Each structure stands twice: as structure tokens, then as C-alpha cells.
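The values are calculated or read from the model by the stated rules, or taken from the named source; none is laboratory data. If you're wondering where the values come from, they're calculated on a predicted model, not measured in any experiment. Backbone-built Cβ (ideal geometry, glycine too); neighbour counts: all protein chains shown.
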Amino acid sequence: MSTWDKFSNSVIRYPDLGFSLDYSRMDAPDEWSAEMTAKIERAFKDRAAIEAGEIMNPDEGRAVGHYWLRNPDLAPDAEAAWIRETKDRVTAFSAKVLKGEIKAPNDRAFRHVLLVGIGGSALGPQLVSKALLPPNAPIDLLFLDNTDPGGMDDVFESLGDGLAETLVVVISKSGGTAETRNGMLETEAAYKARGLDFSKYAVAVTGDGSKLDKHAESEGWIERFPMEDWIGGRTSVMSAVGLLPAALIGLNIDRFLAGAAAMDEKTRVDSVDENASMLLALMWYHAGDGVGSKDMVILPYCDRLDLMSKYLQQLVMESLGKELDLDGNVVNQGIAVYGNKGSTDQHAYVQQLRDGLKNFFATFIEVRETRKGDAMEVDDMGSSTGDYLQGFLRGTRKALYESGRKSMTISLDELNAFTLGELIALYERAVSFYASLVNINAYHQPGVEAGKKAAGTFLDLLAKVRGTLGESEGAVTADAMAEKIGEEDVEAVYHCLNHLAANGVCSRTEGETVAGDEFTS
Ligand code: PA5
């Protein structure tokens, strides 16, 4: 079959959504095997079960409600009422902030929003603001999404006196995430250092009764918005987690939700050829043999979408990267996701994609309308900068295919709140479908929880080493310190000592090898 025939038979289009998916360069089979057809049928059934509110996250005994957020009519009565009420409260609060009815204690309107959160409680708002916030917006959005004090200082310094006109939104579903708590404490301290009462600037988005909720309540913060167990962190961008920051910077959250609802409707259809999310999931399965043997490279040819790869990295890898399947077998599933943007990446790792390891498939994302307003000619053929962007995409797609590398292309007519909602919903559903195809729970994150515990173990050891160092006289090596505190893991003790030395708690004299390094308090 010619590539043209292949192309014309392998494009799914939703003209009413300004969307299409071209999977012609994935070389997928024309028909799926009986085994695959059974998996597909199960995935369609799971889709219905998810939307009907069945417990589809068995490990945590939870329903999976993110599809309800953009269509509360699907949700049970209590959840539907909660969704509507939360959205109304977000809309009303944000409108008051934007109109200056809720303002900073210095009587001026808020000019900045500082979001403190991590993972699913930050990535969605980061994606949305980068994609949609106009450069001349009256209010901007900054982030503390880590426990790196250097990063925090940069944000506080960039705000400077502007801190007095900055609304702080602390977001944590669990209300107990260490990075977020630290960011909140550092922010509180930054306000205090300027003689400002933090509680007059602070808003929380968190689970009812969480540590953060209690803290916000007892400190009398301006407002508290709820999160529910049936919304996963990485799929929370259409709850208050994403809607509040988006509305506060003036974005049209109704259009965002409407775009997602419209895509959900298309991907609710139990027909492979008409369902873009199922096709996406099947292409992932086909490319990686159902075991994730090929990496997913996300290449948006659009600067405003450059966080899409980071966002999808979390959505896909935290959802699909699982040790066990739903029957308890060790499967070590997952798909590695990376990317940044085209054509920029053509001057970086695309070299390897074209000529190196064939261990990936690419997804190009294009926004057909490259610029609002007039195009500028940049050569004597009459080409514009946007023509070049398209040229680089088409050239790379062709070159990859000619050297045996597969790709898909998602096209959006334009980028706006509606189409961004579509794109996110497309991928959320594809992740759900893929999880069903490979029989895993996409809605829990035991590895994330394990990481949180491991950090706690190190912090306990660090406190012990710090305390013992304070009581010690003279210099100690890591071995000597480990013996003193009865710790078997000498390397961990060494890292504690080294960290303390780098941060002024003790000094270090270098030995011949790390084992000879001596630390003095
Ligand atoms: O998707 C997830 O569940 C995680 O990435 C969480 O969003 C992240 O760990 C932050 O959790 P929390 O919102 O409870 O602070």
C-alpha cells in the first residue's frame, strides 16, 4: 500500500473538535487478533464501569472519578453536587480576586499567584498556564514545586516587594506531602520576614480534615477548597487543583471543561475505528508489544505545549509503571515517556532518533494555526516561520519512517482552552484503556509512597548523625560515626555527614578516599 493510501485509511478526525490523529506511520495491523479483540472489549467494559463509579482502584478501594469532573451528570448524586458546588465556589472566588473585591491587605489587587504543590498538584496548572496564559496577563502564576531551597529563594527574589500582592495557593490532596509542607513553611517565613500576615494571602486546596486543611482552618486562611479521594493527583487538573489556578489567572475554565467533555463523548464510543483514545492505546500496545518495550517520545511542534511531555511523563509513567498486574503477577509494566518540543529537539536528541537505537515511537503534536495575525516572510520562497515549523515536522516524520521508526501525529486546529481540555482528556482515556489492555491498576502509586518512606528513613538517620556530631569531640570518619550510632549502612552515614558539611553544620577534611574523610563539628 502506498504511504498516501495508508495515510488516508489511518486518520481519525473529529472536525467539530478541530482534532485529528494520524496513525498511518505506526504500521498497525488492519485487524486485531482474537486475543486482542477480547482485551479491547474488556477495556470498553472497564470504561463503562469507571464512569458508573465502580471501584476500579482496588488497592485503595476507590472509584475513579476524573471523568465526572467535566460531566457531573455521569456522577452519583452526592459527587455531582460536590463537583458543581466546588466549581461554583472556584468561579465566584476567582472572579472576586480578578475584580479586586478580594484583594491584598495593602488594598491593591493581587498581581501574582504563587502555587505551592508537587506532582499532580502542580503539573496540570503548569501545563495549563504555559499553554494558555497570554504574555500581557494582569496576573501571573509562579510555582514552588520542590523542596529545593535554592529554587524557593529564586522565586521569592523574583517576587521581591511583589510578595505583598501575591496570593498563595497551597495544593495537596493528602495535605501531608513533605515538599509541599516545606514550601508552605518557607513561604510563611518569607511573608513574616516582610512583616506580612501570611494567613491574609493564603488559600488551600486539600482533602477535608487533612493536616493542611486543619492548619489552614486554625490559621484563618482566606479560603479552603476541597479535594476528594476519588480524584487521582495526576488526573486532578479539572478539579479545584487545576481550575482554581486557571480561573485566578483569568482562563476560561468552562471552555477547558467543555473541551474535555467533548473528547470524553467521542472516546465513549465502543468502536475502535471511531475512538481516538482506544487507537492511541492500541498503538502504544502495538509499538511496545504490550510490555512497553518502546519509549514514547512526545514532540509538540509548539512552544506553548512544551510541558505536554512532562505532563504526560507523569500521567503515563505514574499510572502505567506498575510491578504487579490486577491478578498479583509480577509484570513490571510501564512506558517510558520523554520529549520537549520541535523543532528545537532536532538540534538535540532527534539525531539519535533518526540514526541511533530503534527503541521508541514518536508522537508529533501540531497546532495547525501557527500564529494569530499576519505571517512574516523569512525567505525568498515566501515561507513564514510557521511554514518552517511545519516543514521540520513533516521532514522529521518522513525521515523517521524511511529509516524504520514509527510515529503518530496529533493535530489541533488551534490551541485554546477547549482544545487543551480535549488533548488532556484524550490521553487520560488512553491511559485508562491501556491499563485495561495490560490488566493493571492505573490509579494507585505505590512507588511514590515508597519514595516518601525512604526519604523519611534518611531524614531520621540525618537527625541522629547531626545530634551525635554535636555531642562528639574531635574529628570522626563515616565508619566511626556509624559505629557510634549503631548504624549498619555506613554509606548512608557518609552522605549525612557530607550533606551536613556542605551546609555549614560541620567541616570536612578530605582523606585519600571517601572512607578517610574526617568531619568535625
Ligand atoms: O498523581 C499523584 O497521585 C501524585 O503525583 C501526587 O499528586 C503527588 O504525590 C502530590 O500529592 P499531594 O497532592 O497529596 O500532595
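The table for this structure:
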read-out: Contacts under 9 angstrom Cβ, first residue in segment 486-498 being in contact (Cβ under 8 Å) with a residue 12 or more places away in the chain, partner hydroxyl-bearing (Ser, Thr, Tyr) and crowded, with 17+ Cβ neighbours inside 10 Å, 6 or more apart; value: 494/477; 497/477
read-out: Any hit, segment 422-445, residues being in contact with a Gly (Cβ under 6 Å, 6 or more places away or on another chain), in a helix (DSSP H, G or I) and either in the same structural domain as residue 37 (by TED's automatic domain parsing) or modelled with pLDDT of 95 or more (or both); value: yes
read-out: Residue within segment 416-423 that is farther than 29 Å from residue 251 by Cβ, in contact with a strand residue (DSSP E or B) (Cβ under 9 Å, 6 or more places away or on another chain), touching a residue at least 40 places away in the same chain (Cβ under 8 Å) and polar (S, T, N, Q) present; value: no
read-out: Residue within segment 297-314 that is in the same structural domain as residue 36 (by TED's automatic domain parsing), under 26 Å from residue 44 (Cα atoms) and without any contact (Cβ under 8 Å) to a residue 60 or more places away in the chain present; value: yes
read-out: Lone qualifier among 55, 50, 40 - being touching a Lys or Arg at 6+ places or on another chain (Cβ under 7 Å), among the β-branched types (Val, Ile, Thr) and surrounded by 12 or more Cβ atoms within 10 Å (Cβ to Cβ); value: 55
read-out: Residues that are within 20 Å of the chain's Cα centre (by Cα) and of a type in the set (A, V, I, L, M), drawn from segment 269-281; value: 280, 281
read-out: Scope segment 117-145; condition closer than 16 Å to residue 417 by Cα, touching a residue at least 40 places away in the same chain (Cβ under 8 Å) and part of a loop (DSSP other than H, G, I, E, B); matching residues; value: 133, 137
read-out: Test for residue 155: is it β-branched (Val, Ile, Thr), in contact with a helix residue (DSSP H, G or I) (Cβ under 7 Å, 6 or more places away or on another chain) and either more than 16 Å from the ligand (Cβ to nearest atom) or free of Cβ contacts under 8 Å to residues at least 60 places away in the same chain (or both); value: no
read-out: Residue 401, sole failed condition from (1) more than 29 Å from the chain's Cα centre (by Cα); (2) part of a loop (DSSP other than H, G, I, E, B); value: (2)
read-out: Contacts under 6 angstrom Cβ, first residue in segment 174-187 being on the phi > 0 side of the Ramachandran plot, partner near the ligand (Cβ under 9 Å from one of its atoms) and modelled with pLDDT of 95 or more, 6 or more apart; value: 175/206; 175/207; 175/210; 175/212
read-out: Segment 460-474, subset of a type in the set (A, V, I, L, M) and at pLDDT 95 or above, residue surrounded by the fewest Cβ atoms within 10 Å (Cβ to Cβ); value: 463
read-out: Matching residues in segment 127-147 - criterion: being more than 15 Å from residue 241 (Cβ to Cβ) and either of a type in the set (Lys, Arg) or more than 16 Å from the ligand (Cβ to nearest atom) (or both); value: 130, 131, 132, 133, 134, 135, 136, 137, 138, 139, 140, 142
read-out: Criterion: closer than 22 Å to residue 74 by Cβ and not hydrophobic (A, V, I, L, M, F, W, C) - qualifying residue of 226, 245; value: 226
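Let's see how each residue does on (1) surrounded by fewer than 22 Cβ atoms within 10 Å (Cβ to Cβ); (2) under 15 Å from the mean Cα position of the chain (by Cα):
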| position | (1), (2) |
| --- | --- |
| 231 | no, yes |
| 237 | no, yes |
| 244 | no, no |
| 251 | no, no |
| 254 | yes, no |
| 264 | no, no |
| 267 | no, no |
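Residue-by-condition table, conditions (1) more than 16 Å from the chain's Cα centre (by Cα); (2) more than 16 Å from the ligand (Cβ to nearest atom); (3) surrounded by fewer than 24 Cβ atoms within 10 Å (Cβ to Cβ); (4) not aromatic (Phe, Trp, Tyr):
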{"residue": "296", "(1), (2), (3), (4)": "no, yes, no, yes"}
{"residue": "316", "(1), (2), (3), (4)": "no, no, no, yes"}
{"residue": "319", "(1), (2), (3), (4)": "no, no, no, yes"}
{"residue": "323", "(1), (2), (3), (4)": "yes, yes, yes, yes"}
{"residue": "327", "(1), (2), (3), (4)": "yes, yes, yes, yes"}
{"residue": "336", "(1), (2), (3), (4)": "no, yes, yes, yes"}
